[in-house]
Amino acid sequence: MTQHRPIKTVGELVEAGLVADVAGLEAVAAKYAIGITPAVAELIDREDPDDPIARQFVPRVDELVTAPEERADPIGDLAHSPVTGVVHRYPDRVLLKAVHVCPVYCRFCFRREMVGPAGLGTLTGPELDAAIGYIADHHDIWEVILTGGDPLVLSPRRLREIMTRLAGIDHVKIVRFHTRVPVVEPERVDDEMVAALKASGKTTYLAVHANHPREFTGAARAALARLADGGIVLISQSVLLKGVNDDVETLASLMRTFVENRVKPYYLHHPDLAPGTGHFRVSIEEGQRLVTALRGRISGLAQPTYVLDIPGGHGKADIGAASIAGGDGCFTVRDWQGGEHRYPPSGGGD
Ligand code: SF4
């Protein structure tokens with residue numbers, strides 16, 4: 001069935017043939033927004049009960065189970081928010097969250113308590129003035145990261161307005177967007193959008209969020225090509241998710257697909273402790289095993305950094321398997337097959 005409009009309700013999920021058993025789903029919908037674009041609905045394999053695309057976007061009753069360690073603000077945005085819409089966690093960069101709406105609502109979202117129609121909304125004019133004023137007043141801010149929500153739901157005209165205001169702040173050198181739009185609503189990425197993204201005149205990066213190689217449809221690939229051809233540097237972000245990409249074949253294919261589309265793999269996130277997302281979490285040991293296996297399998301160009309956002313707002317830590325131990329010029333280095341080697345090697349080899 002071809003879906004023409006976004007799916008936003010349990011009734012629309014049923015109509016689209018994406019759920020049969022609705023028990024408990026209205027309770028899920030009352031807590032966490034539902035959003036599936038036509039492009040994503042088209043991708044879902046309705047014959048496969050374990051479809052990795054469906055798992056990311058179709059709500060489940062498991063979301064009603066909140067584990068004791070889960071929290072509403074898992075990465076501590078609110079603890080580092082000096083003015084509405086700005087998160088200032090590290091000295092040289094800020095998040096600018098102009099909007100808390102997304103074209104899709106990922107079931108594992110780390111900001112699920114903040115996004116959606118009942119979320120924190122869109123910055124008002126005075127709030128945006130205060131956020132831009134904060135950035136202008138803090139000369140250490142070298143990079144502004146537009147996230148949300150998904151900043152690419154804003155119209156090119158709105159984006160251009162924000163970019164024009166950043167253009168006037170000399171100490172900001174880099175503008176970065178975090179978005180799912182190129183894969184979930186690729187038709188939004190037209191020439192006008194590409195021009196708006198670059199309107200600050202700063203070096204512009206765009207982090208593309210995708211978690212499974214099947215998300216790279218022909219339309220998504222074309223959108224990424226428009227961005228890359230437009231001079232925007234593309235990097236990736238993915239979340240390691242049980243039942244979606246927690247096997248080395250899928251991860252290898254995902255990372256290679258990014259590279260083939262001129263997107264440099266950047267972060268593979270360990271899933272955050274967002275409420276009702278326990279069914280997505282793999283153990284850190286399993287994640288380390290997977291990223292170590294990737295080392296031996298795919299090009300260095302395609303390697304992501306495996307990171308954990310430390311709960312409470314303490315920032316990111318690289319949690320890829322430690323492959324070197326020792327000190328005083330005598331180290332043991334572990335290769336991707338688990339073999340251990342001395343560094344520097346002793347006389348006749350290692
Ligand atoms: S696009 Fe990002 S912010 Fe929006 S629901 Fe998905 S993970 Fe959350």
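Quick notes on this structure:
- Here the extension length gained between Glu69 and Ser155 equals 27.2 nm, from 0.36 nm per residue of separation less the Cα-Cα distance.
- The chain: most fluctuating residue of Asp50, Asp309, Asp77 per GNM, C-alpha cutoff 10 Å: Asp50
- Heavy-atom surface analysis with a 1.4 Å probe gives segment 38-190 a carbon and sulfur content of 55 percent of its accessible area.
- Solvent exposure of the chain as accessible area per residue, Å², 1.4 Å probe: 44 Å²
- Near-label residues of segment 46-66 by backbone N, under 20 Å of a point 7 Å along Cα→Cβ of Ala23: 49-50, 58-66
- Structure remark: mean-square fluctuation, Gaussian network model of the chain, C-alpha springs under 10 Å; the largest value among Ala207, Ala252, Ala72 belongs to Ala72.
- Checking the cross-link pairs Lys202/Lys316; Lys97/Lys242; Lys173/Lys242; Lys31/Lys316; Lys31/Lys264 against a 32 Å limit on the alpha carbon distance flags Lys173/Lys242; Lys31/Lys264 as lying beyond it.
- Cut-off of 10 Å, at most 16 other beta carbons, DSSP loop: longest stretch of the chain lacking such GluC sites (Glu not before Pro): 70-350
- Local electrostatic count at Gly287 - Lys and Arg +1, Asp and Glu -1, tallied over other residues with Cβ under 15 Å: -2
- Gaussian network model of the chain, springs between alpha carbon atoms under 10 Å - residue of Gln288, Gln56, Gln337 with greatest fluctuation: Gln337
- Relative contact order for segment 208-249, counting Cα pairs under 8 Å that sit 6 or more residues apart, in percent: 59 percent
The values are calculated or read from the model by the stated rules, or taken from the named source; none is laboratory data. Predicted model only: the values in this text are computed from it and were never measured. Please note: Cβ atoms are built from the backbone with ideal geometry, for glycine as well, and neighbour counts cover all protein chains shown. For accessibility, only protein heavy atoms count, side chains too; no ligands or nucleic acids. Shrake-Rupley method; radii C 1.70, N 1.55, O 1.52, S 1.80 Å.
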